[in-house]
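The values are calculated or read from the model by the stated rules, or taken from the named source; none is laboratory data. Computed from a prediction, not measured in an experiment: that's the story for all the values here. For neighbour counting, all protein chains shown are included, and Cβ atoms are generated from backbone atoms with ideal geometry for every residue, glycine included.
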Amino acid sequence: MADRTKKNDNKPTSTWSPMTMAVFAVGCIITVGGILIVRHAGGKPPGSADWLWWTGVVIAVLGGHLCFFSSMSREQIFEWIKSEAFALTLALLIRWPIAEPYRIPSGSMEPTFHGDPGFGKGDRVFVNKWIYGVRYPFMNKRIWHGQKPQRWDIVVFKAIHKDAPHKTLVKRVVGLPGEHIQIRDGKVFADGKPLDLPPSMPDIYYTSPPPNMLSPMMYGVRPEGQFSVVPPDHYLVLGDNSANSGDGRYFGWLPEQNIVGRVACIWWPPPRWHDFTGFSQTLWWRITVAIVGILTAIRLIIGRSWVAAETHKHIFVHFLSFGLRLPFTRWWLIPWGKPRRGMLVLYRSSSEKAPGGATFLGRIASLPGEKIAINNEGALLINDAPIADIPAFAQPEYACTHPDAVYGRSRSKAHTATPDDCYFILADPELTPDNELRMDSRVLGWITRKELIGQAVAVWWPVWRFQKLR
């Protein structure tokens with residue numbers, strides 16, 4: 001019983017310092033506070049608390065980052081910030097000229113869109129900003145013009161009336177430049193002819209006030225030219241929920257320069273996914289979905305790429321070498337294939353000396369139950385004998401002056417006897433030429449099987465440096 005207890009004591013344990021725990025707790029509190037602010041802002045009248053909503057988002061994001069960074073080193077935090085800055089820049093470059101997500105805030109487009117101003121409610125759509133031409137940032141002016149809006153296009157645009165409850169709106173293009181528009185008896189007449197609704201649209205009864213009745217509903221309703229003839233480069237936009245839509249009948253003709261883009265699809269919630277462009281029926285869509293699906297399956301189940309920091313080699317790591325892992329966890333659903341000595345593997349470490357979230361690459365030196373030692377010359381000994389059959393371990397490469405590099409150097413059993421289900425892993429000299437910079441089991445201690453991610457099988461990038469790893 002005592003021996004078993006001693007073996008368990010040799011296994012690595014995951015501990016957080018009091019400072020790390022305090023920072024993590026503060027981050028959680030800040031994140032929850034930000035979410036509560038966003039929820040509170042969502043309950044306010046539309047457009048009255050946008051500043052509060054964005055304040056809550058910023059607070060929640062900062063709190064989430066505080067939690068995420070709490071156990072990381074300064075260097076790792078800096079690397080994450082650089083990666084996030086690059087991703088944010090790329091997202092902004094896509095969002096400005098190409099596509100942007102948009103939340104449907106009201107029910108004016110029912111049943112086509114379900115709108116709700118509440119937090120996390122309402123349909124989300126993607127807007128194609130490229131199709132009508134790229135606009136200057138923060139301006140209602142285009143750098144270049146694309147195709148003209150077509151009748152029945154669903155468009156997102158900047159409101160032209162100052163008292164609009166929402167600064168960005170979504171409606172359907174009905175009247176085109178130069179047309180004489182009249183709405184009566186539930187139909188829209190263009191140049192005296194009734195417009196037939198396309199099969200993809202819901203059956204809409206366009207409302208209008210009785211003749212000779214004073215009403216704020218004037219455009220496309222009253223017969224005077226200023227209210228019935230669409231000016232050049234302007235459009236009449238109407239909501240599908242005609243009886244409950246504050247649309248162009250009230251605020252007038254929409255200038256083309258105010259149009260942000262055309263709605264391409266509903267992307268959230270998933271059960272309401274809908275493509276308004278017809279692209280999902282094309283071969284290109286099927287090819288795109290297939291490629292994305294294959295790449296996702298490869299990343300989640302088969303393997304991933306890892307970059308060696310010093311040599312900048314991109315290495316493919318094969319997950320299935322040790323079994324089938326539950327994605328995003330350290331748990332093996334179906335384990336197979338025992339790790340072998342000399343195998344080059346990617347792994348994590350629960351040691352408090354390991355930067356949070358870090359992964360490492362190295363070769364398995366000792367197996368469970370074996371005695372590991374590194375002599376004064378830097379030679380590796382397993383059960384007091386050198387390893388001659390594995391070239392990476394044959395040379396005296398492992399002398400280290402790092403103050404925490406006690407495993408394999410100390411004579412205590414806790415630092416030399418490999419526990420059950422654990423391994424001693426050493427950095428590969430070819431991938432980490434500087435011995436003093438190698439972070440491996442000499443510092444991190446024993447690596448459990450659960451912490452093994454996969455086997456490194458090849459250098460795949462740059463292509464001209466392709467190399468199978470043994």
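Things to note:
- Comparison of 341, 363 shows that the only residue that is in the same structural domain as residue 429 (by TED's automatic domain parsing), charged (D, E, K, R) and without any contact (Cβ under 8 Å) to a residue 60 or more places away in the chain is 341.
- Residues (free of Cβ contacts under 8 Å to residues at least 24 places away in the same chain, closer than 17 Å to residue 261 by Cα and not basic (Lys, Arg)) located in region 94-115: 94
- In region 204-235, residue surrounded by the most Cβ atoms within 10 Å (Cβ to Cβ) [restricted to those that are of a type in the set (Ser, Thr, Tyr), closer than 18 Å to residue 161 by Cα and touching a residue at least 24 places away in the same chain (Cβ under 8 Å)]: 235
- The one condition in (1) among the hydrophobic types (A, V, I, L, M, F, W, C); (2) in contact with a Lys or Arg (Cβ under 9 Å, 6 or more places away or on another chain); (3) closer than 23 Å to residue 390 by Cα that residue 268 fails to fulfil: (3)
- Hits in region 280-308 - residues which are free of Cβ contacts under 8 Å to residues at least 24 places away in the same chain and under 26 Å from residue 470 (Cα atoms): 295, 297, 298, 299, 302, 307
- Those residues of region 435-452 which are modelled with pLDDT of 85 or more and either part of a loop (DSSP other than H, G, I, E, B) or small (Gly, Ala, Ser) (or both), in sequence order: 440, 441, 445, 446
- For residue 173, the requirement of being out of contact with any helix residue (DSSP H, G or I) (no Cβ under 7 Å at 6 or more places or on another chain), over 21 Å from residue 262 (Cα atoms) and crowded, with 18+ Cβ neighbours inside 10 Å is not met.
- Selection within region 129-159 - buried (at least 18 other Cβ atoms within 10 Å of the Cβ) and free of Cβ contacts under 8 Å to residues at least 40 places away in the same chain: 133
- Region 322-355, subset at pLDDT below 90, part of a loop (DSSP other than H, G, I, E, B) and aliphatic (A, V, I, L, M), residue surrounded by the fewest Cβ atoms within 10 Å (Cβ to Cβ): 326
- Qualifying residue in region 283-291 (condition: in a helix (DSSP H, G or I) and in contact with a helix residue (DSSP H, G or I) (Cβ under 6 Å, 6 or more places away or on another chain)): yes
- Members of region 387-424 found to be under 42 Å from the mean Cα position of the chain (by Cα) and among the charged types (D, E, K, R), listed by number: 397, 404, 420, 421
- Taking the conditions (1) at pLDDT below 80; (2) within 19 Å of the chain's Cα centre (by Cα); (3) not in a helix (DSSP H, G or I) in turn, residue 100 satisfies each one other than (1).
- Residue 432 vs. criteria of a type in the set (Val, Ile, Thr) and at pLDDT below 90: yes
- Scanning region 397-419 for residues that are loosely packed, with under 14 Cβ neighbours inside 10 Å and in contact (Cβ under 8 Å) with a residue 12 or more places away in the chain turns up 401, 404, 413.
- Among the candidates 155, 237, 230, 174, residue that is in the same structural domain as residue 274 (by TED's automatic domain parsing), over 16 Å from residue 109 (Cα atoms) and either basic (Lys, Arg) or modelled with pLDDT of 95 or more (or both): 230
- The residues of region 139-170 that are part of a loop (DSSP other than H, G, I, E, B), among the β-branched types (Val, Ile, Thr) and within 31 Å of the chain's Cα centre (by Cα) amount to a single one, 143.
- When the test is whether a residue is in contact with a Phe, Trp or Tyr (Cβ under 7 Å, 6 or more places away or on another chain) and surrounded by 13 or more Cβ atoms within 10 Å (Cβ to Cβ), residue 298 does not pass it.
- Criterion violated by residue 332 - all others in (1) closer than 30 Å to residue 470 by Cβ; (2) touching a Cys at 6+ places or on another chain (Cβ under 7 Å) satisfied: (2)
- Close pairs from region 427-445: first outside the structural domain of residue 372 (by TED's automatic domain parsing), partner at pLDDT 85 or above, Cβ under 9 Å, at least 6 apart: none
- Complete set of residues in region 453-470 that are within 21 Å of residue 338 (Cβ to Cβ), at pLDDT 90 or above and not polar (S, T, N, Q): 453, 454, 456, 457
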